[in-house]
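Here's the structure we're looking at; comments come further down.
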Amino acid sequence: MYEFLLATAVAAERDALQRHADGLTVIVTGAGPAAAATGAAWVLASEPYKLAVSVGIGGGFAPRAPLGSVVVSTRVVAADLGADSPEGFLPIEELGFAPHVEQPDEPWAERIGTALGEAGLHVVTGAVLTVATVTGTAERTAELLARHPDAAAEGMEGYGVATAATMAELPFVEIRAISNVVGPRDRESWRIGEAMDVLATVGETLAALQAPGVA
């Protein structure tokens, strides 16, 4: 059995994860929940794994998840899956469909969070919101936090990987290295290089956790 399947959106995230880590299986799915679900499901259907991990850089909700921190998910939420209405946003389950929330494997999330902290990272736990459109205004940020007060980070792939893992009856976790603050779009304030360095430590830590003989 392979140990962990790591799914990233772009090659730069894969390269950062593998910078100091040998033996990690990392796939590049492309951006967005649909691409992430398809890519992860394709691999999970052909090879056995112990854990699926959606991992990459992402936006952090201030002040909970500052720049340079790493978020380990407690919930993965399809935050824009639903319908608009005069009363506001309606999540998909209120329309009679399956829930828009996936629950990461709690023991794995706790174990990974502890290991990342021991590696010297600032670890934050909370919900990670999956969106197809990245948040770029203060109004949208406030709306998301009103609906999900436990939100720590935002990404575009987590719910897709979570759905693929759930269908494969496999535990999953989402991890986000925080490169920017969720809110008004300001590229000059982004810290992508620092977030990639955090991903390198994440990769090294995950490689150690999946090493033979590590229970």
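Candidates 45, 83: the one that is in contact with a helix residue (DSSP H, G or I) (Cβ under 8 Å, 6 or more places away or on another chain), surrounded by fewer than 21 Cβ atoms within 10 Å (Cβ to Cβ) and among the aliphatic types (A, V, I, L, M) is 83. Region 16-96 holds strands (runs of 3 or more DSSP E) entirely within its bounds, and those carrying 3 or more residues that are under 29 Å from residue 208 (Cβ atoms) and without any contact (Cβ under 8 Å) to a residue 40 or more places away in the chain map to 25-28.
Within region 1-17, the residues that satisfy the criterion of being modelled with pLDDT of 95 or more, surrounded by fewer than 20 Cβ atoms within 10 Å (Cβ to Cβ) and more than 14 Å from the chain's Cα centre (by Cα) are 11, 12, 15.
Residue 153 meets each of the listed conditions (1) within 19 Å of residue 72 (Cβ to Cβ); (2) over 12 Å from the mean Cα position of the chain (by Cα) apart from (2). For region 17-75, which positions are over 27 Å from residue 193 (Cβ atoms) and charged (D, E, K, R)? Across region 17-75, the qualifying residues are 47, 50, 75.
For residue 132, indicate whether it is under 26 Å from residue 89 (Cα atoms) and in contact with a Pro (Cβ under 7 Å, 6 or more places away or on another chain). Explain how you work it out, then say what you get.
Numbers: under 26 Å from residue 89 (Cα atoms): yes; in contact with a Pro (Cβ under 7 Å, 6 or more places away or on another chain): yes.
Against the criterion (under 26 Å from residue 89 (Cα atoms) and in contact with a Pro (Cβ under 7 Å, 6 or more places away or on another chain)), residue 132 qualifies.
Taking the conditions exactly as written (touching a helix residue (DSSP H, G or I) at 6+ places or on another chain (Cβ under 9 Å) and buried (at least 19 other Cβ atoms within 10 Å of the Cβ)), does residue 164 satisfy them or not? Yes. Whether a residue is assigned to a loop (DSSP other than H, G, I, E, B), more than 26 Å from residue 117 (Cα to Cα) and in contact with a helix residue (DSSP H, G or I) (Cβ under 9 Å, 6 or more places away or on another chain) was assessed, and residue 99 passes this test.
Among the residues making up region 125-161, a single one is buried (at least 17 other Cβ atoms within 10 Å of the Cβ), among the charged types (D, E, K, R) and in a helix (DSSP H, G or I): 140.
The values are calculated or read from the model by the stated rules, or taken from the named source; none is laboratory data. Everything numeric in this text was worked out from a predicted model, so none of it was measured. Cβ: placed from backbone, ideal geometry, glycine included. Neighbour counts: every protein chain shown.
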